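Inspection log for the structure reproduced underneath, given as structure tokens.
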Amino acid sequence: MTVTGTTAPSVNEFMNDPIGFFGQSYTRMHSIERPELEELQRQAMADRFLEHHQSIEMLRKLADRLGITALNEFNDVVPLFFSHTAFKSYPAALVDKKRFDLMTKWLDKPTSYDLSGVDATGCTGIDDWIDRLDEQTPLAQRRRGRAPGRHRADPADVQMDTARGGLVAPLREVV
């Protein structure tokens, strides 16, 4: 399958609707030549970085600190991977004291969505807060595992998950 020519679908379509990019065909999706797939992935990585560099605070700060302004090769992205602890970096006292307004501010850092309008008033626990986020944002919060006394909340874009064929874990996944 050749997708790199003037009549080829855009890298944007590849990023945002992978199965649509391949004409709804899993056979075509798995038949693309490796060099072509790698080029699409490299371009998508570079484009996604430029798209979100300014809007994701954690990414912007890390990239600025490391002097990274563009991603041209796959290895360029490695220093920007967030540690698994990044999603557990909130003070546990915020949950204990039911300060879900501050939890929302914390969650605003690793996502490009503006969460400043989320009303967490009256949340009595983490489940209430997650429900509010589900109701008021395009994010689906996934809870994954627990460190002692910690919850790990991973923001996932509902629309992107749908476009990717439902790869995001269920909302209430608790290990």
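Please treat every number below as a calculation from the coordinates, not as lab data. Just so it is clear, the structure is predicted and the values come from calculations on it, not from any experiment. Please note: Cβ atoms are built from the backbone with ideal geometry, for glycine as well, and neighbour counts cover all protein chains shown.
Odds and ends about this structure:
- Taking a ≥ b ≥ c as the square roots of the Cα gyration tensor eigenvalues, segment 11-80 comes out prolate, since a/c reaches at least 1.5 and a/b is larger than b/c.
- Between Tyr113 and Asn12, the simple label model (points 7 Å from Cα in the Cβ direction) yields a spacing of 2.2 nm.
- Two-site FRET efficiency, His30 against Ser89, from Cβ-Cβ distance with R₀ of 45 Å, rounded to 0.05: 0.75
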